[in-house]
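Heads up, the thing below is written out as structure tokens.
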Amino acid sequence: MVKAVVLGAAGGIGQPLSLLLKTNPSITELSLYDIVNTPGVAADLSHIDTPAKVAGYLPPDDGLKKALTGADIVIIPAGVPRKPGMTRDDLFKINAGIVRDLAKGIAEAAPKAFVLVISNPVNSTVPIVAEVFKKAGVFDPKKIFGVTTLDVVRASTFVSEVLGDLSLAPKVTVPVVGGHSGVTIVPLLSQSSHPLPSGFSQENLDKLVNRIQFGGDEVVKAKDGAGSATLSMAYAGADFAYKIICAAKGEKGIVAPTYVNLAADKEGGDALKKEIGRDLEYFSAPVELGTEGVAKINTLGKITAHEANLIKAAVPELATNIEKGVSFIESSK
Ligand code: NAD
Ligand code: LMR
């Protein structure tokens, strides 16, 4: 029995994500919460002939608490998306408060659930959830995840395009580490399961790295004011949620990059901090998932001098983003 909850379920990501979760036969209960429209979305999805029992909740009558009670996994795509010209950090002003209040609800009603944070800026919203949980005395670093899967999905797609064969995309794996915004997104292309063509120039490598780092901007620009990635994000979010569920059920060997508190695995976290040369509290690393969430944080392994420089460039921005999230909760009542 698995109960999944989507907070922000009526939105651009929330609806297709809820659809994909409804089609997952391992989910038996699906709770949809938003400030608008969830009864309609839930009624619509409930006609699909898959096992999950679907219910929609709105804020009145303790809707958040009702949605969350008994949750095994909570996915948060609530909050505003970017418009052209904005950075993810520009969303902090609105989304920090939304994520804080939802985290308070989870800490109260479902403190043992796996929490998957999609709302931007992920580099700051994950620390916000963690700090709320710390204040409530229910913090377990193994169970809070920043969803960076879309960066991994993009890397697979863009590398397969470079290789001239999109049919390779589902098989191409590239670890993408660091965080989830611009230069904090660091693809380790030297570790791609499918190496780049021999003679691939530094100029082309720079272009590919840049495309992965700024893939979100590509979509924001194309949507021209109508929001950011929703469909590819729903796909990536459902994929990561499924990995968490499979690992929780005991499947071994599932490794995925995700943005976590490095205290989730002290030994692995400390080794990673040594590698990146900075005592960061959060980092997106390849994480081995287990029944309790984070089982092991893997180090980066062999990387090129170019990749080491990308990490170096990512670290100061990550540190600032983390501090911003932490101090937001420290200073709020
Ligand atoms: P959207 O505006 O289409 O949907 C957001 C939904 O959140 C809306 O339905 C809104 O009613 C709801 N919402 C607002 N306040 C809420 C609250 N207090 N409680 C519950 N629900 C609330 O936006 P979207 O395109 O779905 O994007 C959502 C977020 O996901 C944005 O912050 C965006 O930047 C982020 N995002 C992250 C990634 C990633 O890779 N992690 C990728 C794409 C988008
Ligand atoms: C993405 O990477 O597509 C998301 O973080 C949304 C955005 O603002 O780019």
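Of all residues in the stretch 149-161, exactly one satisfies the criterion of being surrounded by 22 or more Cβ atoms within 10 Å (Cβ to Cβ) and away from ligand 2 (no atom under 15 Å from the Cβ), namely V159. If I filter the stretch 120-131 for residues that are in contact (Cβ under 8 Å) with a residue 40 or more places away in the chain, surrounded by fewer than 22 Cβ atoms within 10 Å (Cβ to Cβ) and in contact with a helix residue (DSSP H, G or I) (Cβ under 6 Å, 6 or more places away or on another chain), do I get at least one hit? Within the stretch 120-131 (the criterion being in contact (Cβ under 8 Å) with a residue 40 or more places away in the chain, surrounded by fewer than 22 Cβ atoms within 10 Å (Cβ to Cβ) and in contact with a helix residue (DSSP H, G or I) (Cβ under 6 Å, 6 or more places away or on another chain)), the answer is yes, since at least one residue qualifies. Starting from the stretch 292-318, take each residue that is in contact (Cβ under 8 Å) with a residue 12 or more places away in the chain and list its partners that are basic (K, R), counting only C-beta distances under 7 angstrom and pairs at least six apart or across chains. Listed by first residue and then by second, the contacts come to E292/K142; G293/K142; G293/K143; V294/K142; V315/R278. Would you confirm, using the coordinates I've provided, whether K83 is of a type in the set (K, R), under 26 Å from S181 (Cβ atoms) and not assigned by the TED database to the domain that holds F214? So K83 fits the description; yes. Between K112, K93, the distinction of being free of Cβ contacts under 8 Å to residues at least 24 places away in the same chain and more than 10 Å from ligand 1 (Cβ to nearest atom) belongs to K93 only. Among all positions in the stretch 21-42, there is at least one residue which is under 18 Å from the mean Cα position of the chain (by Cα), surrounded by 15 or more Cβ atoms within 10 Å (Cβ to Cβ) and either over 23 Å from I244 (Cα atoms) or more than 10 Å from ligand 1 (Cβ to nearest atom) (or both).
Summed over the stretch 45-80, the residues that are within 12 Å of ligand 1 (Cβ to nearest atom), more than 25 Å from S228 (Cβ to Cβ) and either outside the structural domain of T28 (by the TED database) or in contact (Cβ under 8 Å) with a residue 40 or more places away in the chain (or both) give a count of 1. Only one of the listed residues (V138, V186, V174, V99) is at pLDDT 95 or above, more than 10 Å from ligand 1 (Cβ to nearest atom) and within 20 Å of K65 (Cβ to Cβ). That residue is V138.
The values are calculated or read from the model by the stated rules, or taken from the named source; none is laboratory data. Predicted model only: the values in this text are computed from it and were never measured. Methodologically, a virtual Cβ is constructed for each residue, glycine included, from the backbone with ideal geometry; neighbour enumeration extends over all protein chains shown.
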